[in-house]
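Trainee: Structure incoming, see below.
Each value in this text was obtained by applying a stated rule to the coordinates, not by laboratory testing. All values reported here derive from a predicted model rather than from experimental measurement. Cβ sites come from the backbone with ideal geometry, for glycine too, and all protein chains shown count toward neighbours.
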Amino acid sequence: MEITEAKQKVKTLREKLEYYAKKYYDEDNPEITDYEYDMLMNQLKALEKEFPELIDKDSLTQKVGGHVKEGFKEVVHEVPLQSLQDVFSLEEVQEFDEKMRKQAIEEGEEVNYVVETKIDGLSVSLEYVDGIFVRGATRGNGLIGEDVTDNLRTVKTIPKVLKEKITITVRGEVFIGTEEFEKLNEEREVLGKSLFANARNAAAGSLRQLDSKITAQRPLDIFIFNVQKWDDNPYNSHYEQLKYLETLGFHVNPVKVPCKTYEEVVKAIQKIGDDREKLSFGIDGAVIKIDSLSYREKLGTTYKVPRWAIAYKYPPEAKETILKDIVCQVGRTGVITPMAILEPVKVAGSTISKTTLHNEDFIKEKDLKIGDTVVVQKQGDVIPEIIKVVKEKRTGKEKEFTMPTVCPVCGAPAVREEGEAATRCIGIECPAQTLRSIVHFVSKEAMDIEGLGYKIIEQLIDKGFVKNIADIYTLTLEQIASLKKNGKKFASNLIEAIEKSKTQDLFHLINALGIKQVGIKAAKVLAKHYKTMDHLANANVEDLQNIDDVGEITAKNIKEFFAQEQTKDLLEKLKQSGVNMEAHIEENADDRFAGKVFVLTGTLSKYARKEASDLIEKYGGKTSSSVSKKTDYVLAGEDAGSKLTKAQSLGVTILSEEEFEKMLQ
């Protein structure tokens, strides 16, 4: 390869790696797998080795990829938090061992190792003075990190006071356990929040919050794996140091295997690989470290990595198996997900018997048929996935799969909207969606039942007290009190809140039903137009489309929703429980803002944003979140940004709060 071609390839690889590193380290939102990233990095290393004149100190081969997030104080690490040299084969591990033993003879040292799990999380340093936790920081770029002391104080497994008054800095990995991660994503799904891509990014995103209250709500844990600085250190063994840290109260990496020979190292690596599925936390490799601290000091470090340790990355493993069947599961948001039922096969340390097929498009893209021979891959702790069909092994007996047209759980229609990949059940009483439906039903802009939060609803469902939305109104004081120790006061308050919700205006109930594409604004329009739930339920598509803010798709969604037997059953139960079915909205003779569209921007001093919106709607106007040619007024408070600029460029009338008040008088 000519130098010109090499230079261009190096440039392209560096740009790609910088982009992916930014997504991974800074945004906690990876776009490729660790393995794919590692392979790109290996290509760059190989080119830089062949053309050393192309090596640049700013290349990611020479530094760690993270940066300090805006809003955090910088922390200069007294001892750099370095990365590790990755290896991908046992031959490379053997080369490392031979190198360590050869140099040990020259240095008069003995070679012993400690093999540990490489925890998949976010690396941090913890500083203690006289046994008291004083500061914690992220790795950042290895030299400068972020001060996240307040956030780390919320992690229950980080001791705030050690059992001995020593001054020490240790390094650990903050992570979220496998089960805890699944529960966290389940809760986010029910609440309508975006899901975390993986446990590592969930942990990193949680720790790098500017508000420590958010961090405190996340199930963060930590394993300590190294001593960074300890002036009075009496040990020369890394392994003995770790054992001592446990006596101080630290949560130390539980997998640490002392090894004397290369063969023992290989055995430890293989056992960690075999046991990955049994671990309660995610890993992305095994770390092989020299145990002797004096030998480590002699070996030293490069700018980026220590010379006394390597990280073995388990290669992706692929196996053939039979796709025995495709069954559908219904998630808590109504999404119907096809699942592959496989002939059990052992892949990367775990037995795989099923895996998600995501959606209808994925099945078509892979050209999957029931009975196919397929290739399954599982890299590290990533969810297993079918990567291809072995078409040459088809016999002609394979069967096509089609997505169901009715929900496999409740029998309600299963629909796929135009432009969406997911097929959803639209049954409001579908047992699979009970938790999600109730969480939305009781939320502030719906029936606003204070005290009935996610965890309480979960308990009510688990105990069988609530099986559907209507059951909320049949709850007894005794049932609610049983959820908490000394729970009578809580139960009394919740019963009162439930009773109060029965008087909510009709638009709150319409919003609470969770009709697709009908939010609080549309609910208000519908309530004002139809006055009663019965009138709305009997409206036809043509009438619905004639209402402002209700388009063709929304009109069809409304009609389809009220045509369901489940919907009719729920509304009848709510009526019997005394829930209001009529609009309280009074006819307003003053429609001074009729037909006018307002956009609110900046910080208002005299009104909360919602108060101003309610006033505009009271007088017949509408509010929008974006400025366009259809906007009539922009109500601008302090620090108004791009919306104000756009309004000025379009010639839209800008209102101050004083001018807005005059319009209200």
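Trainee: For the stretch 330-346, what does the Karplus curve 6.51 cos²θ - 1.76 cosθ + 1.60, with θ = phi - 60°, yield as ³J(HN,Hα) per residue in whole Hz, taken in order and with x for Gly and Pro?
Mentor: 10, x, 6, 9, x, 6, 9, 10, x, 10, 7, 9, 10, 5, x, 9, 8
Trainee: Hey, of (i) 27.4, 91; (ii) 23.9, 72; (iii) 30.4, 96, which did the structure itself give for Rg and Dmax of the Cα atoms in Å when calculated?
Mentor: (iii)
Trainee: Once both axes come from the Cα atoms, what is the angle between helix 3-21 and the longest principal axis of the chain, in degrees from 0 to 90, rounded to 10?
Mentor: Between helix and principal axis, roughly 50 degrees.
Trainee: Could you pull out every residue, at least 5 positions away or on a different chain, whose amide H is within less than 5 Å of the one on G131? Hs are placed 1.01 Å off N in the peptide plane, and Pro or chain starts have none.
Mentor: Excluding prolines and chain starts, which carry no amide H, the hits are I166, T167, I168.
Trainee: What length, rounded to one decimal in nm, is gained on full extension from V406 through to L664, with 0.36 nm per residue of separation minus their alpha-carbon distance? If you can, show how the numbers build up before the last one.
Mentor: Working: separation 258, 0.36 × 258 = 92.88 nm, distance 5.13 nm.
Result for the pair: 87.8 nm of gain on full extension.
Trainee: Would you calculate a helix-derived [θ] at 222 nm for the chain, using -39,500 (n - 2.57) for each DSSP H run of n ≥ 4 and dividing by the full residue count, to the nearest 500? Walk me through the intermediate numbers first.
Mentor: Details: 24 runs with 239 residues, N = 665.
Helix contribution divided over all residues of the chain: -10500 deg cm²/dmol.
Trainee: Further, regarding this structure: Mind sorting R592, R218 by how few other Cβ atoms lie within 10 Å of their own Cβ, fewest first?
Mentor: Details: R592 12, R218 20.
Ascending Cβ contact count within 10 Å gives the list R592, R218.
Trainee: Starting from the amide H of Q85, placed 1.01 Å from N in the peptide plane, find each other amide H under 5 Å away whose residue is 5 or more places distant or on another chain.
Mentor: So Q85 has HN proximity to A311.
Trainee: Beta carbons within 10 angstrom, averaged per residue: use that to sort the peptides 389-395, 249-255, highest first. Display every interim value, and only then the final one.
Mentor: Values: 389-395: 11.3, 249-255: 18.7.
Descending packing order for the listed peptides: 249-255, 389-395.
Trainee: A further question on this structure: For the pair E182/V79, report the inter-label distance in nm, with labels modelled 7 Å from Cα in the Cβ direction.
Mentor: Taking the two extended label points, one gets 3.8 nm.
Trainee: Now a separate question. Which whole-Hz ³J(HN,Hα) couplings does the stretch 205-219 yield from phi under the Karplus relation 6.51 cos²θ - 1.76 cosθ + 1.60, θ = phi - 60°, glycine and proline marked x?
Mentor: Working through the residues one at a time gives x, 5, 6, 9, 8, 6, 10, 5, 5, 5, 4, 4, 7, 9, x Hz.
Trainee: Turning to a different aspect of this structure: Tell me, what is the FRET efficiency for K629 and D275 to the nearest 0.05, using R0 = 56 angstrom and their Cβ-Cβ distance as r?
Mentor: Working: r = 63 Å, r/R0 = 1.12.
Efficiency, rounded to the nearest 0.05: 0.35.
Trainee: Continuing with the same structure: Given R₀ = 60 Å, FRET efficiency for K568-S605 by Cβ-Cβ distance, to 0.05? List each step's numbers first, then the result.
Mentor: Values: r = 48 Å, r/R0 = 0.80.
The pair K568/S605 has a calculated efficiency of 0.80.
Trainee: Report the calculated FRET efficiency for K298 and Y235 (r = Cβ-Cβ distance, R0 = 22 Å), to the nearest 0.05. Mind dumping the intermediate values first?
Mentor: On the way: r = 17 Å, r/R0 = 0.76.
Computed FRET efficiency for K298 and Y235 comes out at 0.85.
Trainee: Counting pairs on different chains as well as pairs 8 or more places apart, how many Lys pairs in the stretch 597-664 have Cα atoms under 23 Å apart?
Mentor: Taking the Cα cut-off of 23 Å, the pair count is 22.
Trainee: If contacts are Cα pairs under 8 angstrom and at least 6 residues apart, what is the relative contact order of the stretch 427-585 in percent?
Mentor: Numbers: 201 pairs, mean separation 43.3, N = 159.
Rounded, it is 27 percent for the stretch 427-585.
Trainee: Separate question: Would you mind computing, in nm to one decimal, how far apart the modelled labels at E552 and H584 are, each placed 7 Å from Cα along Cα→Cβ?
Mentor: Placing both labels 7 Å beyond Cα along the Cβ direction yields 3.8 nm.
Trainee: Given a cut-off of under 8 Å on Cα pairs at least six residues apart, what relative contact order in percent is computed for the chain?
Mentor: Working: 1182 pairs, mean separation 57.1, N = 665.
Once divided by the residue count of the chain, the mean separation gives 9 percent.
Trainee: Now for a different question. Can you give me the distance in nm between label points at S642 and K391, each placed 7 Å from the Cα along the Cα-to-Cβ direction?
Mentor: The modelled label-to-label distance comes out at 4.4 nm.
Trainee: Can you tell me the 0 to 90 degree angle between the C-alpha axis of helix 488-501 and the longest principal axis of the chain, rounded to 10?
Mentor: Tilt of helix 488-501: around 50 degrees.
Trainee: Using the number of other C-beta atoms within 10 angstrom as an exposure proxy, rank V541, V148, V439 with the fewest first.
Mentor: Working: V541 16, V148 25, V439 21.
Placing the least packed residue first, the sequence is V541, V439, V148.
Trainee: Provide the percentage of antiparallel DSSP beta bridges, counting only those with both residues in the chain; round to the nearest 5.
Mentor: Details: 73 of 87 bridges.
Around 85 percent of the beta bridges assigned by DSSP in the chain are antiparallel ones.
Trainee: Choose one of L544, Y454, L574: the residue whose Cα lies farthest towards the positive end of the charge dipole of the stretch 427-585 (beta-carbon charges +1 Lys, Arg; -1 Asp, Glu; about the Cα centre).
Mentor: Y454
Trainee: So between K516 and E445, what do we pick up on full extension, going 0.36 nm a residue minus the alpha carbon distance? List each step's numbers first, then the result.
Mentor: Numbers: separation 71, 0.36 × 71 = 25.56 nm, distance 1.55 nm.
Using 0.36 nm per residue and subtracting the Cα-Cα distance, I get 24.0 nm.
Trainee: Turning to a different aspect of this structure: Considering the options I352, I520, I472, tell which one lies farthest towards the positive end of the dipole of the chain, charges being +1 on Lys and Arg and -1 on Asp and Glu at the Cβ, about the Cα centre.
Mentor: I472
Trainee: What does the extension gain come out to for K22 and Q94, with contour length at 0.36 nm per residue minus their alpha carbon separation? All intermediate terms of the calculation are to be shown ahead of the outcome.
Mentor: Working: separation 72, 0.36 × 72 = 25.92 nm, distance 3.30 nm.
Gain on stretching K22 to Q94: 22.6 nm.
Trainee: A further question on this structure: What are the ³J(HN,Hα) couplings of the stretch 97-111, residue after residue, when phi is run through the Karplus curve with 6.51, -1.76, 1.60 and θ = phi - 60°? Round to Hz, x for glycine and proline.
Mentor: Each residue of the stretch 97-111 in turn: 4, 4, 5, 4, 6, 5, 6, 5, 5, 5, 8, x, 10, 9, 9 Hz.
Trainee: Answer with one residue from A555, L650, A21: the one whose Cα lies farthest towards the positive end of the charge dipole of the chain, charges on Cβ with Lys, Arg +1 and Asp, Glu -1.
Mentor: Result: A555.
Trainee: Right, next: Which value, in debye to the nearest 20, describes the size of the charge dipole of the stretch 183-313 about its Cα centre when Lys and Arg Cβ atoms bear +1, Asp and Glu Cβ atoms bear -1, and nothing else is charged?
Mentor: Working: 21 positive and 17 negative charges, 73 e Å.
Around 360 debye, computed over the stretch 183-313.
Trainee: Okay, next question. Relative to the Cα centre, what is the charge dipole magnitude of the stretch 427-585, using +1 at the beta carbon of each Lys and Arg, -1 at the beta carbon of each Asp and Glu, and rounding to the nearest 20 debye?
Mentor: Working: 21 positive and 22 negative charges, 129 e Å.
Charge dipole of the stretch 427-585: 620 debye, to the nearest 20.
Trainee: Cα centroids of the stretch 641-662 and the stretch 337-358: how far apart, whole angstrom?
Mentor: One Cα centre to the other: 57 Å.
Trainee: I326's amide H: which non-local residues (gap 5+, or another chain) put their own amide H closer than 5 Å, with H modeled 1.01 Å from N in plane and none for Pro or chain starts?
Mentor: Distant-sequence amide H within range of I326: I341.
Trainee: Continuing with the same structure: Using the 10 angstrom Cβ neighbour count as an exposure proxy, how do C425, C410 rank, fewest first? All intermediate terms of the calculation are to be shown ahead of the outcome.
Mentor: Values: C425 27, C410 20.
Arranged by neighbour count, lowest to highest, C425, C410 become C410, C425.
Trainee: What is the dipole size for the stretch 82-162, taken about its Cα centre, with +1 at each Lys and Arg Cβ and -1 at each Asp and Glu Cβ, in debye to the nearest 20?
Mentor: Value, rounded to 20: 580 debye.
Trainee: In the chain, what cysteines have no partner Cβ closer than 4.7 Å?
Mentor: Within the chain, the cysteines lacking a partner Cβ under 4.7 Å are C259, C328.
Trainee: In percent, how large is the relative contact order of the stretch 317-393, given Cα pairs closer than 8 Å and 6 or more residues apart?
Mentor: Values: 161 pairs, mean separation 24.4, N = 77.
Across the stretch 317-393, relative contact order equals 32 percent.
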